[in-house]
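*Asks:* Have a look at this one before I ask anything.
The values are calculated or read from the model by the stated rules, or taken from the named source; none is laboratory data. If you're wondering where the values come from, they're calculated on a predicted model, not measured in any experiment. Here Cβ is always computed from backbone atoms with ideal geometry, including for glycine, and neighbour counts include all displayed protein chains. Only protein heavy atoms, including side chains, enter the accessible area calculation; ligands, DNA and RNA are left aside. Shrake-Rupley method; radii C 1.70, N 1.55, O 1.52, S 1.80 Å.
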Amino acid sequence: MQFEQSASRSVHWQECRSDVIHQSLDHLLAMAHRYRSEGNVWQAMEMYWMLSEDHAGTAQSLEAERSLLELAETYEHDAQHLARALYERLSDLDGSGANRMSEAYLRVKE
């Protein structure tokens, strides 16, 4: 009986902790988007990278990677060196978006 109560508390604690982490990541992603919309692109990119690399596999990391890819695509014509750096770093990440990133990177090289 006591073991069941302890296990139940442990599961509840883990669920609460997971919820707090999820909410925190949502807030960090929202802050990154706000930085980007306010023109603070470097701060936004820093936060996107942190989410992508430190919290890989979360929904927020995937959205951060998509945002980085969008930024790279916007830099293709005016700042190819920056676009290339973004594509290369993104292609080093494990994830399902690697094919799209590789295709976009090839467009820069042409």
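*Asks:* Among R36, R84, R100, which is the only one that is open to solvent by 50 Å² or more (accessible area, probe 1.4 Å), at pLDDT 85 or above, basic (K, R) and in contact with a helix residue (DSSP H, G or I) (Cβ under 8 Å, 6 or more places away or on another chain)? Walk me through it before giving the result.
*Replies:* Details: R84 fails: at pLDDT 85 or above; R100 fails: at pLDDT 85 or above.
Testing whether each residue is open to solvent by 50 Å² or more (accessible area, probe 1.4 Å), at pLDDT 85 or above, basic (K, R) and in contact with a helix residue (DSSP H, G or I) (Cβ under 8 Å, 6 or more places away or on another chain) leaves just R36.
*Asks:* Let me ask something additional. Condition first: open to solvent by 30 Å² or more (accessible area, probe 1.4 Å) and more than 18 Å from S91 (Cα to Cα). Now tell me which residues in region 42-58 satisfy that.
*Replies:* Our first condition is that a residue be open to solvent by 30 Å² or more (accessible area, probe 1.4 Å); within region 42-58, this holds for 42-43, 46, 50, 53-58.
Scanning region 42-58 gives W42, Q43.
*Asks:* Please go through region 87-96 and pick out each residue that is modelled with pLDDT under 50 and in contact with a helix residue (DSSP H, G or I) (Cβ under 6 Å, 6 or more places away or on another chain).
*Replies:* Narrowing region 87-96 to residues modelled with pLDDT under 50: 96.
Hits for region 87-96: nothing passes.
*Asks:* Oh, and also: Which residue is most open to solvent (accessible area, probe 1.4 Å), if the candidates are limited to region 59-77 and must be of a type in the set (D, E, K, R) and in contact with a helix residue (DSSP H, G or I) (Cβ under 8 Å, 6 or more places away or on another chain)?
*Replies:* E63
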